[in-house]
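To keep things clear, I will list the structure first and then write my remarks on it.
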Amino acid sequence: MTPSDKGINLTSLDREFDSNKVSYEHVNIDLDRELGVAYILIEGPLQATPDNLEGIHMQGDKFWPLALSRQLDDAILHLRLNESEIGTWVFRTRGDGALVAAYDRLMLENSSDWLVKEIILYLKRTLKRLDVSSRSLITLIEPGSCFIGTL
């Protein structure tokens, strides 16, 4: 049996709440309640991609695109449901754009695999959720950003 023949375990999300902050491994939200703004920082991957499809399956829910999708989806839902007074979301990224592009390339090369296909669809649903959030969305592209490809 190969790793791609079985599913993966989705572990509970590790997140921390502070009075004006929500933190995940790859997503951090700073809230300015006075201005009604959520500053959302998306962290790019810190490690190179797995070498192959088997590596994606071995990483499971720690595979950066899947981990990011889950954390960003949870963050969006938290803001929509629990922070209704926050009307502006400001997005920034930080990281290595070449690594983000490498993850995109790896997923495109393996897009016929069931897990990769599900990750791509999950990321698509998460990004669509932004479109229907009825908030003002701002993206800041600054030095050190990794807005490339999927991001």
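The values are calculated or read from the model by the stated rules, or taken from the named source; none is laboratory data. What you are looking at is a predicted structure, and each value in this text was computed from that prediction instead of being measured. For neighbour counting, all protein chains shown are included, and Cβ atoms are generated from backbone atoms with ideal geometry for every residue, glycine included.
Can we say LEU46 is loosely packed, with under 12 Cβ neighbours inside 10 Å, closer than 28 Å to SER112 by Cα and in contact with a Lys or Arg (Cβ under 9 Å, 6 or more places away or on another chain)?
Against the criterion (loosely packed, with under 12 Cβ neighbours inside 10 Å, closer than 28 Å to SER112 by Cα and in contact with a Lys or Arg (Cβ under 9 Å, 6 or more places away or on another chain)), LEU46 does not qualify.
Just to be sure, is HIS26 surrounded by 17 or more Cβ atoms within 10 Å (Cβ to Cβ), within 28 Å of SER136 (Cβ to Cβ) and not hydroxyl-bearing (Ser, Thr, Tyr)? Give the steps one after another, and end with the answer.
Details: surrounded by 17 or more Cβ atoms within 10 Å (Cβ to Cβ): yes; within 28 Å of SER136 (Cβ to Cβ): yes; not hydroxyl-bearing (Ser, Thr, Tyr): yes.
Spelling it out, HIS26 is indeed surrounded by 17 or more Cβ atoms within 10 Å (Cβ to Cβ), within 28 Å of SER136 (Cβ to Cβ) and not hydroxyl-bearing (Ser, Thr, Tyr).
Please verify whether LEU108 is in contact with a Lys or Arg (Cβ under 8 Å, 6 or more places away or on another chain), exposed (fewer than 15 other Cβ atoms within 10 Å of the Cβ) and over 20 Å from SER133 (Cβ atoms), treating the condition exactly as stated.
When the stated conditions are applied, LEU108 does not pass them.
I need the full set of residues from the range 111-135 which are surrounded by 12 or more Cβ atoms within 10 Å (Cβ to Cβ) and more than 29 Å from ASN52 (Cβ to Cβ), in order please. Before the answer, list the steps.
We begin by selecting, within the range 111-135, every residue surrounded by 12 or more Cβ atoms within 10 Å (Cβ to Cβ); these are 113, 115-120, 122-124, 126-127, 129-130, 133, 135.
Result: ARG129, LEU130, SER133, ARG135.
Yes or no: the range 15-31 includes at least one residue that is in contact with a strand residue (DSSP E or B) (Cβ under 9 Å, 6 or more places away or on another chain), of a type in the set (A, V, I, L, M, F, W, C) and part of a helix (DSSP H, G or I).
No, because not a single residue in the range 15-31 is in contact with a strand residue (DSSP E or B) (Cβ under 9 Å, 6 or more places away or on another chain), of a type in the set (A, V, I, L, M, F, W, C) and part of a helix (DSSP H, G or I).
Among the residues of the range 72-105, write down those that are surrounded by 15 or more Cβ atoms within 10 Å (Cβ to Cβ) and part of a loop (DSSP other than H, G, I, E, B).
GLU83, ILE86, GLY95, ASP96
Give the range 112-140 a look and list any residue that's outside any helix (DSSP H, G or I) and touching a residue at least 40 places away in the same chain (Cβ under 8 Å), or say none.
ASP113, SER133, ARG135, SER136, LEU137, ILE138, THR139, LEU140 - these are the residues of the range 112-140 that are outside any helix (DSSP H, G or I) and touching a residue at least 40 places away in the same chain (Cβ under 8 Å).
Is it the case that VAL27 is at pLDDT 95 or above and closer than 14 Å to THR93 by Cα?
Here the answer is yes, as VAL27 does meet what is asked.
Are any of the residues in the range 54-62 within 14 Å of the chain's Cα centre (by Cα), closer than 13 Å to GLU25 by Cβ and crowded, with 16+ Cβ neighbours inside 10 Å?
Among the residues of the range 54-62, not one is within 14 Å of the chain's Cα centre (by Cα), closer than 13 Å to GLU25 by Cβ and crowded, with 16+ Cβ neighbours inside 10 Å, which makes the answer no.
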